[in-house]
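Scroll down for the structure; my scribbles are underneath it.
Read-outs throughout are calculated quantities, based only on the coordinates presented, and are distinct from any laboratory measurement. Computed from a prediction, not measured in an experiment: that's the story for all the values here. Note that we place each Cβ from the backbone using ideal geometry, even for glycine, and neighbour counts take in every protein chain shown.
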Amino acid sequence: MGSLLTLSRFIDRINEFVGRNVSWLVLAAVLISAGNATIRKMFDMSSNAWLEVQWYLFGAVFMLAAGYTLRKNEHVRIDVLAGNLSKRARDWIDLFGHFLFLLPFCLMMTYLAWPFFWRSFQSGEMSSNAGGLIIWPAKASVLLGFILLTAQAVSEIIKRIAIIRGIIEDEPGHDHSMPPQVEAATDMKGRTDA
């Protein structure tokens, strides 16, 4: 289990690095968007290439940060039921959810994203818009995003097994208990029902 935990920490570090650095692409997209809007309004000029760069950056942020978001346990989930379960039950739900749903989905998407990217790269596929850009970098971000998410799913499975076996403690922020506002509302509802 020690070597698997080492692998898990390595994957976590990769997604941490990628996630933190990809966040700067948001700033780039905002600056490009503001510049494009300013030039369009002031000089009555527009460029499809700049619009596509914005889309590419947004897509890259979304795809490349997916593994980082999973690592930070920030993906959208419905905790209405899980918030009332024990920590151990939530760990088992996470383990089975990651193993039975997330990992197969990520593997399938990675498998499908490869030819999607490769055909575009080999053909030098261009945008159909006048003045558009090459498309393969955007498709590469889809492939790389699913590779990173697949790796993080493996890391999370390793960590859940280790936590369930009592080998490691859960990281802060990975507890799926109800947020304080929901807990307070539940407590208030319980008092009014009594």
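Quick one: angle between helix 48-64 and the longest Cα principal axis of the chain, in degrees between 0 and 90, rounded to 10, please.
Computed tilt is about 20 degrees.
Hand me the tally of lysine pairs in segment 25-168: alpha carbons under 27 angstrom apart, and the pair either on different chains or 8 or more positions apart.
4
Peptides 66-72, 136-142: what's the order by average Cβ count within 10 Å, highest mean first?
66-72, 136-142
Given an 8 Å cut-off on Cα distances and at least 6 residues of separation, report the relative contact order of segment 1-147 as a percent. Kindly include the intermediate steps, with their values, before the conclusion.
On the way: 116 pairs, mean separation 42.9, N = 147.
The normalised contact order for segment 1-147 reaches 29 percent.
From the helices alone, meaning DSSP H stretches of at least four residues, give me the mean residue ellipticity at 222 nm for the chain, per-run term -39500 (n - 2.57), in deg cm²/dmol to the nearest 500.
The per-residue figure over the chain is -25000 deg cm²/dmol.
Sorted from fewest to most neighbouring beta carbons within 10 Å, what does the list M45, M63 look like?
Fewest-to-most Cβ neighbours within 10 Å comes out as M45, M63.
Kindly put D44, D91 in sequence by how many other C-beta atoms sit within 10 Å of each C-beta, fewest to most.
Neighbour counts put them in this order, fewest first: D44, D91.
Where Lys and Arg each count +1 and Asp and Glu each count -1, what net charge lies around Y56 among other residues with Cβ under 14 Å from its Cβ?
With Lys, Arg at +1 and Asp, Glu at -1, the net is -1.
Percentage of Cα-Cα pair distances in the chain greater than 22 Å, rounded to whole percent?
Value for the chain: 60 percent of Cα pairs lie more than 22 Å apart.
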